[in-house]
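A short reminder: the numbers here are calculations on the coordinates, not readings from a lab. This structure is a prediction, so every number in the text was calculated from the model and none was measured. All Cβ positions, even for glycine, are placed from backbone atoms using ideal geometry, and neighbour counts span all protein chains on display.
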């Protein structure tokens, strides 16, 4: 029997390595070798996609299969793989919405409310507003929001946060206070 508990697998290292290798490949001059390297990566990914898709098809035939696929989709490591191959059982918007809902209490503790404005092909848009005395920097708020969304929907490339990149968040009640 497989132990489902995390074993401290460090996904960040291989992801960072992949990003570095892709960046190096893209900096190389156009050449036949570069095109072959791209084609090789795509071929390997195509095999992985076909195999995973077939596994999920077979699981769907089992009485407990759909629930098991949902459980797999909740696992951080498997979710990343499912998202990479567009095989996650939940759509991107519902996963981003769940991530926003999950980070909401932490933001409220910092005096900030969050609302999801929309999800595009690779972009999530949220709006932050003061909900009391704001006790966090814009950088900390951005990190909380981005971490939650990227963890819940790894295929999201850009998180747009309205309410951060301009004036600092100010509670509405403070706007009505007379100046001293």
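How much of the DSSP beta bridge set in the chain is antiparallel, as a percent to the nearest 5?
Taking every DSSP beta bridge within the chain, about 60 percent pair in antiparallel fashion.
Considering Cα pairs under 8 angstrom that are at least six residues apart, work out the relative contact order of the chain and quote it in whole percent. Let's see the in-between values first.
On the way: 158 pairs, mean separation 28.3, N = 180.
This gives 16 percent for the chain.
Using only the alpha-carbon atoms of the chain, report the extent along each of the three principal axes, biggest first, to the nearest angstrom.
67, 52, 30
Below 8 Å, C-alpha to C-alpha, sequence gap of six or more: please give me the relative contact order for region 54-130 in percent. Kindly include the intermediate steps, with their values, before the conclusion.
Numbers: 56 pairs, mean separation 12.7, N = 77.
Over region 54-130, the number comes to 17 percent.
Considering all projection directions equally, how large on average is the shadow of the alpha-carbon convex hull of region 12-84, in square nanometres?
Values: hull surface 22.0 nm².
Seen from a random direction, the Cα hull of region 12-84 projects 5.5 nm² on average.
Just to be sure I understand: of the beta bridges DSSP finds with both ends in region 92-175, what percent are antiparallel, rounded to 5? All intermediate terms of the calculation are to be shown ahead of the outcome.
Working: 7 of 12 bridges.
Given both bridge residues lie in region 92-175, the antiparallel proportion sits at roughly 60 percent.
State the Kirkwood hydrodynamic radius of region 92-175 in Å, one decimal place, computed from all pairs of distinct Cα atoms. Working shown, then result.
Numbers: mean 1/r = 0.0790 Å⁻¹.
It is 12.7 Å.
Taking the Cα atoms only, what angle lies between the long axis of helix 65-74 and the longest principal axis of the chain, rounded to 10 degrees?
60
Using a Förster distance of 45 Å, how high is the FRET efficiency between residue 43 and residue 101, based on the Cβ-Cβ distance and rounded to 0.05?
Values: r = 39 Å, r/R0 = 0.86.
Rounded to the nearest 0.05, the efficiency is 0.70.
Sticking with the crude label model, points 7 Å out along Cα→Cβ, report the distance from residue 58 to residue 137 in nm, one decimal please.
5.1
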